[in-house]
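A.B. asks: Just dropping this structure here.
The values are calculated or read from the model by the stated rules, or taken from the named source; none is laboratory data. Nothing here was measured: the structure is a model prediction, and the numbers come from that model. As a convention, Cβ positions derive from the backbone with ideal geometry for all residues, glycine included, and neighbour counts pool all protein chains shown.
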Amino acid sequence: MVLDLSRTGLFVQTSAGAKPGDEVEVLLGSRAEAAPVALTAEVVWQRKVPHQLRVIGEGGVGLKIRYAPELYYAILADAAQAATARRQRSV
């Protein structure tokens, strides 16, 4: 599950054994898009959570984007505009 994303990276909550330096492919689905958006990224850090604490939260990996199609950046821009509009309506 992607918990945070930006133009340069993202945090993926996962128990997968990816280690810093590993190259990974991330497929992001969107309700608006028929096909997932594929990113190539490098694991730059890893957060491990002890088994007894996994009821609170899982670990994950911080990824640095190496390649993303233009569609990814368009989706980010749309999300930022929507968030700005929500903030303005709530003021």
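Residue by residue, here is whether (1) assigned to a loop (DSSP other than H, G, I, E, B); (2) at pLDDT below 95; (3) not acidic (Asp, Glu) holds:
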position: Leu3; (1), (2), (3): no, yes, yes
position: Ser15; (1), (2), (3): yes, yes, yes
position: Ala18; (1), (2), (3): yes, yes, yes
position: Val26; (1), (2), (3): no, yes, yes
position: Arg31; (1), (2), (3): yes, yes, yes
position: Ala34; (1), (2), (3): yes, yes, yes
position: Val44; (1), (2), (3): no, no, yes
position: Ile56; (1), (2), (3): yes, yes, yes
position: Leu63; (1), (2), (3): no, no, yes
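A.B. asks: Got a number for residues in the stretch 70-91 being touching a residue at least 24 places away in the same chain (Cβ under 8 Å), under 19 Å from Leu3 (Cβ atoms) and not aromatic (Phe, Trp, Tyr)? Give the steps one after another, and end with the answer.
C.D. replies: Initial filter on the stretch 70-91 (touching a residue at least 24 places away in the same chain (Cβ under 8 Å)): 71-73, 75-76.
Next cut, under 19 Å from Leu3 (Cβ atoms) only: 72, 75-76.
Restricting the remaining residues to those that are not aromatic (Phe, Trp, Tyr) gives 75-76.
Total satisfying the criteria: 2.
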